[in-house]
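To start, the structure under review is shown below, and the notes come after it.
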Amino acid sequence: MDSDLWLVVAVLLLLVMAGCAAVLLVRVFKARRLLLDAGVPLRSKALFWAAVVYTVSPVDLIPDPVYLDDIGVLLIALRALHTAAVRSGPDHEDEPADPK
């Protein structure tokens, strides 16, 4: 019974990680248009590409089987890219309307 419980926990953990990876992949593909935008600063674009390189590189700050540091670095870069896009102008679809 004990080995069955560990197997169920491992499968659930893998499913949760796969779900997080799928959501992250969708966010990365949505970020492509922001990388082509001339109004987004080069610093934010470079931060995004550095995070992508870190995510796929074999070097890790925290060697772990669940890639928590990789996901965290990529999420921070995506947030910085989105924030820079919102600050660059109102021509982005994801920006909320200004109530003024």
Report summary line: Low-density loop chymotrypsin sites (Phe, Trp or Tyr not before Pro), the range 5-88, at most 13 other Cβ within 10 Å, DSSP non-H/G/I/E/B, are none
Requested in this report: Pull out a ≥ b ≥ c, the square roots of the eigenvalues of the alpha-carbon gyration tensor of the range 2-93, then state rounded if a/c is under 1.5, prolate if not and a/b is larger than b/c, and oblate in the remaining case.
Outcome: prolate
Query raised in the report: With all protein chains present and a 1.4 Å probe, how do Asp4, Asp60 order by accessible area, largest first?
Result: Asp4, Asp60
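The values are calculated or read from the model by the stated rules, or taken from the named source; none is laboratory data. Remember, it's a predicted structure, so these values are computed and weren't measured experimentally. With ideal geometry, Cβ positions are generated from the backbone for all residues, glycine too; neighbour counts draw on all protein chains shown. SASA here: full protein model, heavy atoms, side chains in, ligands and nucleic acids out. Shrake-Rupley method; radii C 1.70, N 1.55, O 1.52, S 1.80 Å.
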